[in-house]
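Student: Got a structure here, written out as structure tokens. Questions coming.
The values are calculated or read from the model by the stated rules, or taken from the named source; none is laboratory data. Note that the structure is predicted; figures quoted are calculated from it, not measured. With ideal geometry, Cβ positions are generated from the backbone for all residues, glycine too; neighbour counts draw on all protein chains shown. In case anyone asks, the SASA skips ligands and DNA or RNA and just uses the protein heavy atoms, side chains included. Shrake-Rupley method; radii C 1.70, N 1.55, O 1.52, S 1.80 Å.
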Amino acid sequence: MKKGLDEQAHSATLAFDGIEGLEAAQLSEFDVLVLDVMLPGLDGLTIVRRLRQNRIGTPILLLTARDTPDDVISGLDAGADDYLTKPFSFKILVARLRALSRRKQLDPHTLLRIHDLVLDPATHEVKRSGVLVSLSRTEFVILELLMRNAGRVISRTRLIEAVWGNDRDISSNTLDVFIRQLRMKVEAPGSTKLVHTIRGIGYTLRED
């Protein structure tokens, strides 16, 4: 992977176990971190949790052979921004890295609100009824796009392009997993439903 990334004009730094990887991620600045879930010394999910606890927001791509919904959800809940299941195409890996590295900071001047849901682009904080909601970077990007277009239907294609760029090899259920996770986090039992599925088209954010 390092050889291929170097040939693509990227500068890749290697860590051969989890402890070394965590130390490198804490001490150096990176555009993106690529973590295998199964690592000696310290596993990838533990590294993700510790980085997020230390408020290190570098985008993280997880590599894993585990592709069940529960495994994917565990990675996203830990704070990862994207995942790639093995085996994978190197071209897809590079496309995912490009998408993660080019995500821009949101306009820091305006709070986004709908009903009792508030998103602060400056701090990347999301609150529902005043309670802080913890989102991964990918979930935040999806929610931000939906909130900036509240009441409008955003196609699946547009959402995928906003999150992953022009990577057409995104698996069909990847977006669905992120949407499901987003709903679980911003729509507590008994609260007003905000994220709606428009069958065959995409999603919209509005009061039910």
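Student: If I filter the stretch 35-56 down to residues being assigned to a loop (DSSP other than H, G, I, E, B), open to solvent by 20 Å² or more (accessible area, probe 1.4 Å) and not charged (D, E, K, R), which single residue comes out as nearest to residue 137 (Cα to Cα)?
Tutor: 56
Student: Report yes if some residue within the stretch 184-196 is part of a helix (DSSP H, G or I), under 17 Å from residue 75 (Cα atoms), out of contact with any strand residue (DSSP E or B) (no Cβ under 6 Å at 6 or more places or on another chain) and at pLDDT 90 or above; otherwise report no.
Tutor: yes
So that you can scan it fast, the table gives a plain yes or no per residue for (1) of a type in the set (Gly, Ala, Ser); (2) under 12 Å from the mean Cα position of the chain (by Cα); (3) under 20 Å from residue 17 (Cα atoms):
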position: 46; (1), (2), (3): no, no, yes
position: 56; (1), (2), (3): no, no, yes
position: 65; (1), (2), (3): yes, no, yes
position: 88; (1), (2), (3): no, no, no
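Student: Does at least one position in the stretch 155-176 carry a residue that is at pLDDT 90 or above and surrounded by 19 or more Cβ atoms within 10 Å (Cβ to Cβ)?
Tutor: No, the stretch 155-176 contains no residue that is at pLDDT 90 or above and surrounded by 19 or more Cβ atoms within 10 Å (Cβ to Cβ).
Student: Could you run through the stretch 132-142 and say how many residues are part of a helix (DSSP H, G or I) and open to solvent by 20 Å² or more (accessible area, probe 1.4 Å)?
Tutor: Number satisfying all stated conditions: 2.
Student: I would also like to ask the following. Cβ-Cβ distance below 7 Å, separation of 6 or more or different chains: which pairs start in the stretch 149-160 with a residue that is at positive phi and end on one that is open to solvent by less than 70 Å² (accessible area, probe 1.4 Å) and not hydroxyl-bearing (Ser, Thr, Tyr)?
Tutor: Sorted first by the residue in the stretch 149-160, then by its partner, the list stays empty.
Student: Taking the options 100, 112, 84, 62, name whichever one is at pLDDT below 85, under 23 Å from residue 159 (Cβ atoms) and crowded, with 18+ Cβ neighbours inside 10 Å.
Tutor: After applying the criteria, what remains is 100.
Student: So, one more: Given the structure, is residue 126 closer than 21 Å to residue 60 by Cα, crowded, with 16+ Cβ neighbours inside 10 Å and either at pLDDT below 85 or out of contact with any strand residue (DSSP E or B) (no Cβ under 7 Å at 6 or more places or on another chain) (or both)?
Tutor: For residue 126, the condition - closer than 21 Å to residue 60 by Cα, crowded, with 16+ Cβ neighbours inside 10 Å and either at pLDDT below 85 or out of contact with any strand residue (DSSP E or B) (no Cβ under 7 Å at 6 or more places or on another chain) (or both) - is not met.
Student: Could I ask something else about it? Residue 145: in a helix (DSSP H, G or I), modelled with pLDDT of 85 or more and open to solvent by 10 Å² or more (accessible area, probe 1.4 Å), yes or no?
Tutor: The answer is yes for residue 145.
Student: Could you check how many residues of the stretch 65-78 are of a type in the set (Val, Ile, Thr) and either in contact with a Leu (Cβ under 6 Å, 6 or more places away or on another chain) or open to solvent by 60 Å² or more (accessible area, probe 1.4 Å) (or both)?
Tutor: 1
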